[in-house]
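Down below is the structure, laid out as structure tokens.
The values are calculated or read from the model by the stated rules, or taken from the named source; none is laboratory data. From a predicted model like this one, the values you see are computed outputs, not experimental measurements. Note: ideal-geometry Cβ built from the backbone for every residue, glycine included; neighbour counts use all protein chains shown.
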Amino acid sequence: MTTLKICGAALLCAAAVPILREMKGMSALLSAAVAIMAAAAAIASIYPSVSFLISAAEGTAFESYAAVLLKAIGIGYCTVITADACRGAGADTAASGIELLGRAEILLISLPLITELLSGVAGLI
Amino acid sequence: MRRWGAAIAAFISALLLLSSHISAVDTHKSSDGSTQAMSNATSDVNDSFSELRKFIPEDVLSELPEGIFDGEDTSSSLPEKIGVKYIFGKLWSFIKRSLLPAAGNLASLLGMTALAASFGLLADGLSCAAIGRMFTLCATLAVACHVINTQVGIINGAALVIGSMTVFSNAIIPILTALLISSGNTLTASVTGAGLLEFTTILANFTEYCFLPLCRACFGLAIIAAISENGHTDGICGIVKKTFTVTAGFAAALFTAVMTYQTTLTAAADGVAARSIKYAIGSSIPVVGGALGDAIKGTAAGLSLIKSSVGAVGIVVIILIVSPVLINLFLNGAILGICSAAAKILGCDRIATLMAELKNVSGFILAVVALSTTIFIIGLSVFLKINPALSV
């Protein structure tokens, strides 16, 4: 039901954008609002699946890895949605900066994995 | 007069021969008589047989049949105690013991692969390719971390087992060499014993300077192959494995062939020498010459029995040392193969590559351990097959 509502809102937005094009910035703002609303709805709908995955990984050997992966996917989505919104508003440079930030952030949360991998390889020496 | 001179010379050579046999097994005591000396030699070699247990790892010692090192009855009851039923029973128990941890390992690796694949499906929706690649790298690193934690123990276990095998062989070879010398095979003992000791030294050096560094390099390559976007290192571990196993296999075959023909030639030479001495004793020493020859023959047969027992126990110990590791490596290869296939089905190509490369590394280790074991067993079998020169 939520999906239908969001799809309807997106269609309305798509119809409104050509009309509002003459009002500078309004169409971009509307697009960004709909995108953020859709993302919020997506997060709300995806939450049970992700929490199931996390609870399934709890107590297993890969619990810590699941947490890292969840953080990485969260950062990825936040970055992409924000960058798209910026791009829609015509702020391409800001979008590129956000994407770079997202990549750096994912690399940062991967650092413990790299350290663990290196120490694992060092265990062979 | 000439006949007496020949008799005295033959007697002196017989005494020299006996004393050399006895000293070879560190049993040289005051020689009250040839029979007593031979009896001492036999009893001391039995002691050497019992001493062998000191070089057997504790976990293997507990797997050996009860009373295997108990005195005189050992040789007669040995074929029953360490027969086919015993060996296959032990192998089955090792398999049963390894199956549960292997199933846990499989479930854990499959779970991690499924988790990475699930998050990978979510990441497919990312419109930015760079962020998507970054996430794939993160997921691959997570899986690599999880996999490597299981693989380090297996590789170190394989290195340790080769070390244990080398230590045990270094202990058993001198005992077998001493027994061979006692049986009159002096030339054969020196050639075969030296050859096998040389081989164990080569194997120890090979493990330390070649096998382990290559495994580490293959591990590194496997991780690079998984992380690298272009996958240019794909299959390098497989190539290393094939090249190395073919070369090592050829070297092993060469070693076995050289050992076999050297042993055959030296055994023949020892046989001729022993026959000449026995003929000299039998024909030159009046009255007791024939009896002395028969006594030597009997003692040599006894020593041969002990040699066979020590060799057989040695082979069984090597099988018991190596079998758990071989079974683990085999199961590990199968697990990695299954996970690689599962990752491919789930669309995680990098994880599939990582698993496939690690499977190659596991196969490489399995080949090295199996090859070393085979050579040790062949070496000991060569020892066992040598007939005592004095019994002809």
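A few comments on the model shown:
- Selection within the stretch B:180-204: residues that are buried (at least 24 other Cβ atoms within 10 Å of the Cβ) and of a type in the set (S, T, N, Q). The member of this set that is nearest to B:T260 (Cα to Cα) is B:T192.
- The residue pairs whose first member lies in the stretch B:302-315 and is over 13 Å from B:T177 (Cβ atoms), whose second member is crowded, with 23+ Cβ neighbours inside 10 Å and among the small types (G, A, S), and whose beta carbons are closer than 8 Å, counting only pairs six or more residues apart or on different chains, are B:S304/B:S183.
- Residue in the stretch B:167-179 that is of a type in the set (S, T, N, Q), buried (at least 20 other Cβ atoms within 10 Å of the Cβ) and not in a helix (DSSP H, G or I) present: no
- Checking each residue in the stretch B:122-148 for being modelled with pLDDT under 80 and assigned to a helix (DSSP H, G or I) picks out B:L122, B:A123.
- Residue match in the stretch A:74-91 (condition: over 16 Å from the mean Cα position of the chain (by Cα) and closer than 16 Å to B:I131 by Cβ): no
- Tally of residues being within 22 Å of B:F168 (Cβ to Cβ), within 14 Å of another protein chain (Cβ to nearest Cβ) and of a type outside the set (A, V, I, L, M) across the stretch B:189-223: 4
- Looking only at the stretch A:68-77, and only at residues there that are in contact with a helix residue (DSSP H, G or I) (Cβ under 6 Å, 6 or more places away or on another chain) and more than 7 Å from every other protein chain (Cβ to nearest Cβ), the one that is surrounded by the fewest Cβ atoms within 10 Å (Cβ to Cβ): A:K71
- The residue pairs whose first member lies in the stretch B:244-273 and is within 30 Å of B:P213 (Cβ to Cβ), whose second member is part of a helix (DSSP H, G or I), and whose beta carbons are closer than 6 Å, counting only pairs six or more residues apart or on different chains, are B:T245/B:A367; B:A248/B:L371; B:A252/B:L371; B:A252/B:I375; B:T256/B:I378; B:M259/B:G195; B:M259/B:V382.
- Of the numbered criteria (1) more than 22 Å from B:T243 (Cβ to Cβ); (2) of a type in the set (V, I, T); (3) in contact with a Cys (Cβ under 8 Å, 6 or more places away or on another chain), the one B:I365 fails is (1).
- Test for B:A102: is it under 25 Å from B:A225 (Cβ atoms), small (G, A, S) and away from chain A (no Cβ under 13 Å): yes
- Residue that is without any contact (Cβ under 8 Å) to a residue 40 or more places away in the chain, assigned to a helix (DSSP H, G or I) and surrounded by 12 or more Cβ atoms within 10 Å (Cβ to Cβ), where the choices are A:A35, A:A40: A:A40
- When the stretch A:77-98 is filtered for residues that are among the hydrophobic types (A, V, I, L, M, F, W, C) and within 19 Å of A:A39 (Cα to Cα), the ones remaining, listed by number, are A:C78, A:V80, A:I81, A:A83, A:A85, A:C86, A:A89, A:A95, A:I98.
- Only one entry in A:L118, A:L4 is out of contact with any helix residue (DSSP H, G or I) (no Cβ under 8 Å at 6 or more places or on another chain), closer than 25 Å to B:T150 by Cβ and in a helix (DSSP H, G or I), namely A:L118.
- In the stretch A:54-67, the residue that is farthest from the other protein chains (Cβ to nearest Cβ) out of those that are assigned to a helix (DSSP H, G or I) and surrounded by fewer than 17 Cβ atoms within 10 Å (Cβ to Cβ) is A:S55.
- Filtered by the rule that a residue be surrounded by fewer than 21 Cβ atoms within 10 Å (Cβ to Cβ) and either within 27 Å of B:A226 (Cβ to Cβ) or touching a residue at least 24 places away in the same chain (Cβ under 8 Å) (or both), the stretch A:78-98 gives A:C78, A:D84, A:G88, A:A89, A:G90.
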